[in-house]
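Step one of this worksheet: look at the structure below.
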Amino acid sequence: MKGAVFTNFQEMVEEQFGMACWESLIDQCDLPSEGIYTSSETYDDEEILSLVVALSEYTSTPAPELIEAFGRYLYVGLAHGLPPSMMDFPDLWSLLEAVDSVIHVEVNKLYPDALTPKIIVTEKRDNGVTLYYQSPRKLCVLAIGLIHKAAETFDTPISIKHECCMNDGADHCSLVIEKF
């Protein structure tokens with residue numbers, strides 16, 4: 001996983017729970033990086049999972065809730081890290097359609113070793129879309145947080161229904177996103 005994810009996670013933890021919390025997580029987890037991250041480097045996925053589990057224990061918050069909250073936080077960091085032209089979409093629906101065909105293509109040009117999830121609009125409706133999500137990381141809850149924050153930035157109130165999930169044995173996740 002790219003270091004930008006880790007640096008954003010560290011920022012979120014420090015802002016929302018304090019430096020002492022971050023230091024406690026680093027002490028609790030046996031991390032090869034020792035908790036020192038650089039945005040452009042790649043780190044083992046297990047490190048972020050260890051940190052999330054430790055944060056869940058520290059805060060008594062279920063891990064899925066933390067991961068979704070991190071997705072919301074991460075959206076801002078990722079959006080600021082991309083060239084402005086890559087985030088110049090007229091609405092949420094255009095952004096969602098561009099994730100796999102534009103944004104992830106550009107990310108992979110910048111970071112050829114990046115393992116981006118497959119996120120494709122499979123169905124369009126007047127009031128929303130259905131997204132196909134597939135990744136060996138199975139971090140669909142992170143994607144849900146990212147989508148919620150994106151919707152917020154476009155001032156588009158949405159609901160997301162998780163019709164099938166990789167974490168429940170499906171080969172992909174299906175997310176029905178509707179404007180309300």
Inset, instruction - Mind counting the residues in segment 133-169 that are open to solvent by 30 Å² or more (accessible area, probe 1.4 Å) and farther than 19 Å from LEU115 by Cβ? - result: 15
Legend entry - Test result for THR156, touching a Leu at 6+ places or on another chain (Cβ under 7 Å), of a type in the set (S, T, N, Q) and more than 19 Å from PRO64 (Cα to Cα): yes
Inset, instruction - Can you tell me which residue within segment 30-48, out of those that are among the hydrophobic types (A, V, I, L, M, F, W, C) and surrounded by 14 or more Cβ atoms within 10 Å (Cβ to Cβ), is farthest from PRO117 (Cα to Cα)? - result: LEU31
Inset, instruction - Among what's in segment 102-154 and is among the aromatic types (Phe, Trp, Tyr) and part of a loop (DSSP other than H, G, I, E, B), pick the residue that is farthest from LEU78 (Cα to Cα). - result: PHE154
Legend entry - Selection status of THR130, crowded, with 17+ Cβ neighbours inside 10 Å, farther than 30 Å from GLU46 by Cβ and among the hydroxyl-bearing types (Ser, Thr, Tyr): yes
Inset, instruction - Inspect segment 13-23 for any residue being touching a Phe, Trp or Tyr at 6+ places or on another chain (Cβ under 7 Å), of a type in the set (Val, Ile, Thr) and either modelled with pLDDT under 95 or over 19 Å from ALA63 (Cβ atoms) (or both) and give the result as yes or no. - result: no
Legend entry - segment 157-175 residues that are touching a residue at least 24 places away in the same chain (Cβ under 8 Å), paired with ones that are open to solvent by less than 30 Å² (accessible area, probe 1.4 Å) and among the aromatic types (Phe, Trp, Tyr) (beta carbon under 7 Å, 6 or more apart): HIS172/TYR133; CYS173/TYR133; LEU175/TYR133
Inset, instruction - Return the pairs, sorted by first residue and then second, in which the second residue is of a type in the set (Phe, Trp, Tyr) and open to solvent by 30 Å² or more (accessible area, probe 1.4 Å), the first residue lies in segment 92-113 and is under 21 Å from ASP126 (Cα atoms) and touching a residue at least 60 places away in the same chain (Cβ under 8 Å), the beta carbons are less than 8 Å apart, and the residues are 6+ apart or on different chains. - result: LEU92/PHE154
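For (1) closer than 26 Å to CYS165 by Cβ; (2) among the polar types (S, T, N, Q); (3) in contact with a strand residue (DSSP E or B) (Cβ under 7 Å, 6 or more places away or on another chain), each residue gets a yes or a no:
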| position | (1), (2), (3) |
| --- | --- |
| PRO32 | no, no, no |
| ILE48 | yes, no, no |
| MET87 | no, no, no |
| PRO90 | no, no, no |
| GLU97 | yes, no, yes |
| ASP100 | yes, no, yes |
| LEU115 | yes, no, no |
Inset, instruction - Go through segment 14-29 and give me each residue that's open to solvent by less than 30 Å² (accessible area, probe 1.4 Å), more than 21 Å from ARG137 (Cα to Cα) and touching a residue at least 24 places away in the same chain (Cβ under 8 Å). - result: CYS21, LEU25
Inset, instruction - Output yes when any residue across segment 59-80 is in contact with a helix residue (DSSP H, G or I) (Cβ under 9 Å, 6 or more places away or on another chain), free of Cβ contacts under 8 Å to residues at least 60 places away in the same chain and polar (S, T, N, Q), and no when none is. - result: yes
Inset, instruction - Considering every residue within segment 50-62, establish whether at least one is touching a Phe, Trp or Tyr at 6+ places or on another chain (Cβ under 8 Å), open to solvent by less than 20 Å² (accessible area, probe 1.4 Å) and under 27 Å from THR122 (Cβ atoms). - result: no
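The values are calculated or read from the model by the stated rules, or taken from the named source; none is laboratory data. This one's a predicted model, so the numbers in the text were calculated from it and none came from an experiment. Heads up, the Cβs are rebuilt from the backbone with ideal geometry, glycines too, and the neighbour counts pull from every protein chain shown. Note: accessible area is taken over every heavy atom of the protein model, side chains too, but ligands, DNA and RNA are not part of it. Shrake-Rupley method; radii C 1.70, N 1.55, O 1.52, S 1.80 Å.
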